[in-house]
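Heads up: the structure comes next, in structure tokens.
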Amino acid sequence: MVRLLRPLQRAFLVVNRWFMVPALKAGLGRLIGNPCTGHLMVLATHGRNTGQLREAPLGYVILDGAVYCVAGYGRTTPWYRNLCADPAVDVTLPDRTFHGMAEPVEDPAEWLRAYRALVSSFGMIGRAIVEDVSKLDDVTLIERHRSLPVVRIRPKDPNGTIVSGPWDPGGNGWVAANAATLSIGAMVWYLFRRHEARRLTGQLRRGPQRGLQEAL
């Protein structure tokens, strides 16, 4: 698994850069997020060496007016190292964006609460990969997972807070989004089948005419 970690990380970077980030920034997070796959945001940091904008899709939760996320590759995670050098970040949620200030969570109680909420929001697929932390007591959870930094992001505006909406973890916006997607898919399938039926009917009608022309 250790040997596979770096290739997997590189593969995720390619997929994230060329597919997930553009899709989420285009507003498709409303269609992507659900309790099965989890919910995603885009975190934009500034490269600690280049100063260039770096964007990463991440799972998140909203607690007490702040956004929380976790560095899945530990303290060497590139975006985590970037925000430690420059805490000014931009966050793109499924239905809004904001400028924020990021800070690693140091308090164990806050880390536990946020981390449990994060794993719960990752969806069935994410929980299967990470671990079902609901079965672990606090001491065991800290021993096994404390090396993964949790980050708190608050709006730059001192009076600003982030309120959880229908498209965020715990919301029910995904129900309407998936219903609309299924309806559109069903309509496209119906039109396709209708087109195919007309095409086949036209071929059957032309068949006898071609046979008659050949006989003459």
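Pick from G59, G51: which is closer than 25 Å to K156 by Cβ and open to solvent by 20 Å² or more (accessible area, probe 1.4 Å)? Every option except G51 fails the conditions.
Scanning segment 96-115 for residues that are open to solvent by less than 60 Å² (accessible area, probe 1.4 Å) and either free of Cβ contacts under 8 Å to residues at least 24 places away in the same chain or not hydrophobic (A, V, I, L, M, F, W, C) (or both) turns up G100, P104, E110, Y115.
Here C69, C36 are screened, and the one residue that is of a type outside the set (F, W, Y), part of a loop (DSSP other than H, G, I, E, B) and touching a residue at least 40 places away in the same chain (Cβ under 8 Å) is C36. Restricting P158, P169 to residues that are surrounded by fewer than 12 Cβ atoms within 10 Å (Cβ to Cβ) and either assigned to a loop (DSSP other than H, G, I, E, B) or of a type in the set (S, T, Y) (or both) narrows the list to P158.
Selection of segment 91-119 for residues being under 25 Å from N172 (Cα atoms) and among the acidic types (D, E) yields only D95.
For the criterion of being in a helix (DSSP H, G or I) and modelled with pLDDT of 75 or more, V188 fails. Among the residues making up segment 116-129, those that are surrounded by 17 or more Cβ atoms within 10 Å (Cβ to Cβ) and aliphatic (A, V, I, L, M) are A117, L118, V119.
The values are calculated or read from the model by the stated rules, or taken from the named source; none is laboratory data. Since we're looking at a predicted model, the values are computed, not measured. Quick reminder, even Gly has a Cβ in these numbers, built from the backbone with ideal geometry, and neighbours come from all protein chains shown. Side chains included, ligands, DNA and RNA excluded: accessible areas come from the protein's heavy atoms. Shrake-Rupley method; radii C 1.70, N 1.55, O 1.52, S 1.80 Å.
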